[in-house]
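The next block holds one structure in the form of structure tokens; read it before the comments.
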Amino acid sequence: MKTNWKKYVTSGLMLGTAVLLTACGGGNSSDKQEDANASSNEEPKVEGKVKLWVDRDFIPAYKEIVADFEKEYPDVTVELTEGTSTDAQKDVSKDPKAAADVFMMPHDQLGQMAEAGLIYPNTKYADDVKGNNVESSIEGASWKGELYGYPYGVESQFLYYNKSKLSEDDVKTWESLTSKGKLGANFAEAGANYTFAPLFMSNGLHLYGENGEDPKGTDFNTEPGVQVMQWIADQKNNSGVVQTNAETLASLQSGKIDAFLSGPWSKNDVIKAIGDDMAVAPYPTVDFGNGPVQQKAFMGVKLFAVNQQTAAPLAAMALADYVSNEAAQLAVFESNGIVPSNKAAQESDAVKADAVSTAVVEMTQPTHTVVMPKIPEIVSFWPAMDAVINDTYKGKIKPADFQSKLDKLINDVGTPAE
């Protein structure tokens with residue numbers, strides 16, 4: 001399944017050249033951005049020294065990508081060094097001037113970083129980025145209507161199952177999945193929030209509003225939310241649901257469970273556990289009492305962003321756009337298994353030939369996922385949601401108290417909807 005990377009790089013370089021010949025757009029209050037967008041009879045020269053942070057495992061792939069970038073932009077020198085994407089907010093805010101000009105980050109940190117003035121709006125390549133990447137990834141890369149990030153990948157959980165125990169039809173609904181097999185699921189311990197909070201959105205509710213940016217937009221404390229609480233409570237007596245967490249893979253290997261919910265990061269471990277019996281599928285449907293609906297998952301978007309303090313904004317934006325273009329996404333898919341956000345890359349033979357990637361692409365459709373909110377208030381959501389799910393499943397919260405517990409949850413995670 002080896003991708004002809006150079007073939008894609010060629011098309012990417014041609015695209016990059018075309019983009020470079022377009023006029024800079026958009027305005028901003030910073031002096032640097034005014035300079036970057038100043039109208040002139042000729043294009044401002046893309047030049048300077050820029051630092052690029054990528055996670056350690058990505059350095060080999062980006063060495064080649066950066067080398068090609070420097071050939072395309074001979075007046076730009078790139079220092080490629082190790083960063084930690086999950087700590088992007090902490091590392092950049094610590095000393096913005098010393099931080100990288102371009103860095104990897106998860107999209108759920110975008111709102112906090114934008115509000116803190118740590119990242120540079122994507123003013124030069126916004127139209128191309130919006131046109132070339134799936135809509136949900138653009139939602140993850142934007143804050144308050146403005147595009148900041150450069151998506152390079154998407155991720156979502158899906159269903160792993162043992163195909164010697166369950167058929168494709170068996171795993172289409174929660175009812176058939178848990179009546180014909182054993183599903184390992186963490187309802188009772190920390191981390192239940194990430195997998196099962198989207199049940200509320202599956203039943204038509206919202207977390208921080210339609211776009212995840214409204215602190216008054218959470219409406220879990222309504223009748224559909226109470227239905228979800230009852231459904232979670234009922235799983236304790238569902239013989240096809242086995243509480244698992246750290247022991248999930250061991251349980252899969254031993255045959256104690258036949259399926260579980262996880263993401264691409266579990267692929268190699270599942271292969272080790274059950275080998276060729278591994279199969280994947282989108283989440284099943286669930287029925288909260290009003291008929292089957294699609295069970296949803298949180299979607300994550302992997303981004304590059306530009307440091308607001310960069311001394312070379314044109315060079316930094318050009319680099320961020322280049323390392324996230326179609327060619328680069330396909331190369332990183334081949335080397336690191338990151339599912340592309342680029343529309344054309346998702347349609348490539350390499351991506352379509354991989355079952356896990358196909359499942360992620362299907363799951364990241366709006367019908368199956370919710371882009372994880374990037375609002376700063378999200379930090380208060382996780383512990384409060386865990387407590388509600390854990391205690392409901394264990395029976396510590398009784399049906400008569402579902403409404404009051406949801407009311408408290410809404411107060412704990414933000415401002416209640418009016």
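General remarks:
- Sparse packing (at most 14 other Cβ atoms within 10 Å of the Cβ) combined with a DSSP loop state is found for the following trypsin sites (Lys or Arg not before Pro) in segment 92-129: Lys97.
- Working ranking of peptides 280-287, 357-364 by packing, defined as the average number of other Cβ atoms within 10 Å per residue, highest first, is 357-364, 280-287.
- Lysine pair number, Cα distance threshold 20 Å (strictly under), segment 301-418, separation 8 or more or different chains: 9
- Given charges at Cβ of Lys, Arg, Asp, Glu: the chain dipole, positive-most of Val332, Thr310, Ser251: Ser251
- Largest accessible area first, the residues Thr178, Thr77, Thr173 order themselves as Thr77, Thr173, Thr178 under a 1.4 Å probe with ligands, DNA and RNA left out.
- GluC sites (Glu not before Pro) restricted to DSSP loop in segment 151-251 with at most 16 other C-beta within 10 Å: Glu168, Glu189, Glu210, Glu247
- Cα-projected label distance for Asp412 with Ala384, points at 7 Å along beta-carbon direction, nm: 0.8 nm
- FRET efficiency for the Lys256 to Gln294 pair, using the beta carbon distance and R₀ = 25 Å, is estimated at 0.35.
- Put a dot 7 Å past the Cα of Glu115, heading toward its Cβ, do the same for Thr77, and the two dots end up 3.9 nm apart.
- For the chain, a simple Cβ point-charge model (Lys and Arg +1, Asp and Glu -1, everything else neutral) yields a dipole of about 980 debye relative to the Cα centre.
- For Met104, the accessible area of its heavy atoms, probed at 1.4 Å with every protein chain present, is near 10 square angstrom.
- When the trypsin sites (Lys or Arg not before Pro) in segment 125-166 are filtered for DSSP coil states and for at most 13 other beta-carbon atoms within 10 Å of their beta-carbon, the remaining sites are Lys144.
- Rounded to the nearest 10 degrees, the angle from helix 402-413 to the longest Cα principal axis of the chain is 20 degrees.
- Within a Gaussian network of the chain (alpha carbon springs, distance under 10 Å), most fluctuating of Phe381, Phe196, Phe298: Phe381
- Segment 358-418: relative contact order as a whole-number percent, Cα under 8 Å and 6+ apart: 37 percent
- Cut-off 20 Å (backbone N to label point 7 Å along Cα→Cβ of Asn238), residues of segment 154-181: 157-163, 165-181
- Lys63 versus Asp269: modelled label distance in nm, points set 7 Å from Cα along the beta carbon direction: 2.9 nm
- The stretch between Thr173 and Lys398 holds 78.3 nm of extra length on full extension. This uses 0.36 nm per residue minus the Cα-Cα distance.
- Between the amide H of Thr369 and those of Ala297, distances stay under 5 Å, these residues lying 5 or more places away or on another chain, with hydrogens modeled in the peptide plane.
- Taking every alpha-carbon pair under 8 Å whose residues sit at least 6 apart, segment 134-227 reaches a relative contact order of 16 percent.
The values are calculated or read from the model by the stated rules, or taken from the named source; none is laboratory data. The structure presented is a predicted model; accordingly, all values stated were derived computationally and were not measured. Glycine gets a Cβ as well: all are built from the backbone with ideal geometry, and neighbour counts include every protein chain shown. Only protein heavy atoms, including side chains, enter the accessible area calculation; ligands, DNA and RNA are left aside. Shrake-Rupley method; radii C 1.70, N 1.55, O 1.52, S 1.80 Å.
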